[in-house]
Structures are given as structure tokens and as C-alpha cells.
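Below: one structure, written as C-alpha cells.
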Amino acid sequence: MSTQNMGRVGADRLAEAGISLVELLVGLVVTSLLAIAVFSFFLNTSQGISQQNASGEMWQRGRNALALMRQAIESAGYGLPSYSQCPNGVVGSTTNGVGTAGALVAITASTQSSGSGYDPSTTAGINTYAFSTVIGGGAFGGAPTTTVNSQSGVNLKVQSLNNLQPGDLALIALPGTGVCVFGQMTNVAGKGTLNSDCSVTGGGNSQGSSGTVVFNSGKGNSVCFQANPNQIFSQVNPTTGGTLNSAAFQGASLYDLGASQFLFETFAIQENPAGSTPTLVMTQYTGLQATPPTPQPLATGVVDMQLRYGVGSNGQVQNWIRPENYAPSATQQIVAVQLAMLIRSDRYLPNSLSPASFNILGDTYTVPTQNGPGCLQGNCRHYSYHLFQTVVPVRNGIWSTQ
């Protein structure tokens, strides 16, 4: 074999033993594509897990908060006078805001205004509701504590002062009207006077042989004087539209509800400080206490809450109405409450895009894309959302206030 042929054979063998430049480039491209695919798989998996975790945490927070609100609504009115005592409503109770201790209306709800700490009407185009419930300390007895003989000014003369104490809350059922007057006894003859610090001093007045109960009003902002913002005996009669007079109180039944054996619960959304993530909070009062309670956070990310009253008779819902449109009636009672709550995740999810809006009991919540409270760069669409809805049957007869 010639030297030339031997060189060619050696070169061929070397070429067979190695790889060409083209093969090397192809191998690098394939390896890079495989690495990118693996990286994308793990990235998508990680993002999916992150979104699942965010949704799971959000769902758990919402479920726990909803359970507490359901319990409050189901218990509303327990230990209070039943609807049968006041079919045409109650006058005289506190009406200067949802959640005020002493407003012994089983359930009250109203839209949150711009001064309430959270108002989504500008950013989301919808109002949100806050609501309060109250229960008594025990089953309400059917027998009244005493009977009213007469009324004059802020005074009621009653047949017996037994079991009446200064500071106790009283419901006065006016005979023949279906109307009740609600107030707070600030002075009981021979037993003392309620002070702004919730203490009772002195022996009280001693007018009349049968004793006198006084319902003073205008005691300022003290939490011990929540029930008489105005002179309760000159309130409007929701049945006739006229003013209550002395004759209406003759023979009225007075029910003493006590002063501290209550549980007031208020649920509202707060944005504290302004621009932070909205949070559902609960405030609990256990009576007319001197120290205002501190709201307790229940669930972060709650951005809207809607309520509707189911009104009807014999336990059957005939219409769903907004709370502000409800008027007490002898034939239309609140038999259920429809509650809806929209909650969003705490985590920012850059690769997730929420729906542009949500239908909440007939109203539209538009997800803010700018100036959204607690959202990165004000855009709230890169978060996960969940809408909770439930219907809560009312166990106890509920009456409302006028």
C-alpha cells in the first residue's frame, strides 16, 4: 500500500473516531432545547403550585370567616323579644351607625360610606355592606317585667320596680299598636342613677308610691348611654306616622332586658391604613361596657360583601330585598339572609389574570386596574379571587327599627 493511501485511511479512521462541527452544533442545540423545556416545566409547575397555594390559603380564610358570619346570623335575635311582640317595628333604638352597642335589633345592615374606613364605590363601582347581630343572655320569657301606668316627659310610672335596675335596657310594647319603644333606664326610684362611666350612684328619685323609671336622653357619646340618642317617648309611630303620646303608654308591657348579658357582633371591611389590603374584621361587645372593644381581623383580602333579606311568612321567602328597603310588617318577616363575600389572594400572581368583573347578588364588582387598595402598582387583576355565597335561615323572629 502506498504512503498516500495509508494517509487517507488514517484520516478516515480519525474522522470515524470523532464528531464533526455540524454534529457538535446540533448536539448543543438539542441539549439547549431540552434544558429550556425542563426549565419551563419546573417554572410552570412552580407557578402552578404557587397559585394553588395562594388560592388554598384564600379559600381557607374565606371559609372560616363565612362560618363565623353564618353562626352570628343564625343566632341573631336569641334571647330578645320575638317578632310577635313588635310586628310593626321598634322606635327609639340607636340608629347612628351599624354596630353600636345597645341597638337591640337582631340584625342590622347598611352600606359602608366613604368615612367608614373602606368604600369600593370609586375603585370597583359597587357598595359594600357591614352588618351587626345581637343575641341576649338567655331565652326571652313571655311575661313582662312590669306594666306601665302612665307616661310624662322622660318618666314612666310603673306598677312595680322589682327587677328594674339603672342602666337596664327596656322594651315597651304599646297595647293595640304592634309598635314597641326601646330605651335605657337611666334612673330607677330608690335604686340609683347611671353615670357616664357605667357606675350607679345615689338612691334615685322617689316620685310616686309605685315608683318612677326615668329615660333621660342626650348623654353624649358614652358607651353607657347608647339607647336614648333622642327623647324616645316623642318618636314617630311607624303605624300611623304620627307622634307617640301619653295615652299610647297606658297599660303597656315593659320587658327588662338587662344591661350586660348580650353579645353584639359587627362585621365590616376595613382598609387600615388607607391603601392597604382590605380586611374583614369583627367587633364584639358583651354589653354596655365602658371601654370600646378593638376590632379583630378575620380574613385579609375581602374586597366586597353583599346582603339581602329574604322576607315572607310562615318561613317561606317570597322576595329578596336590600336591607335599606326593608320595612317592618305584620305579614312580611325576615326569614332568611342571603350573604355573598368576594375575597382575593394575598399573593401577587404575575402570570394569572382574573376576570374583569364579578356578579355579586345582582351588583357588579369591577376589578380595579389602577389605584386598587393593596394591589401591586394598583392593578388587582393579577390576583386569584373566590366568591362565597350562602343562604342563612333565620332561626329567631327578627324585628327591625324605624
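Side notes on the structure shown:
- In segment 335-369, the residues that are assigned to a loop (DSSP other than H, G, I, E, B) and hydroxyl-bearing (Ser, Thr, Tyr): Ser345, Tyr348, Ser352, Ser354, Thr369
- Residue count, segment 343-354 (criterion: among the hydroxyl-bearing types (Ser, Thr, Tyr) and under 17 Å from Pro278 (Cα atoms)): 2
- Any hit, segment 305-328, residues being surrounded by fewer than 23 Cβ atoms within 10 Å (Cβ to Cβ), modelled with pLDDT of 90 or more and touching a helix residue (DSSP H, G or I) at 6+ places or on another chain (Cβ under 6 Å): no
- Strands (runs of 3 or more DSSP E) within segment 136-249 that include 1 or more residues among the basic types (Lys, Arg) and at pLDDT 85 or above: 155-158
- Matching residues in segment 355-383 - criterion: being crowded, with 17+ Cβ neighbours inside 10 Å and either under 15 Å from Pro278 (Cβ atoms) or touching a His at 6+ places or on another chain (Cβ under 9 Å) (or both): Phe358, Ile360, Tyr365, Val367, Pro368, Gly372, Pro373, Gly374, Cys375, Cys380, Tyr383
- Scan segment 370-389 for residues that are of a type in the set (S, T, N, Q), under 23 Å from the mean Cα position of the chain (by Cα) and outside any loop (DSSP other than H, G, I, E, B) and the total you get is 1.
- Scanning segment 165-205 for residues being of a type in the set (Ser, Thr, Tyr) and farther than 24 Å from Gly251 by Cβ gives a total of 4.
- Within segment 251-269, tally of residues that are buried (at least 21 other Cβ atoms within 10 Å of the Cβ), modelled with pLDDT of 90 or more and closer than 25 Å to Val188 by Cα: 2
The values are calculated or read from the model by the stated rules, or taken from the named source; none is laboratory data. This is a predicted model, so every value here is computed, not measured. Here Cβ is always computed from backbone atoms with ideal geometry, including for glycine, and neighbour counts include all displayed protein chains.
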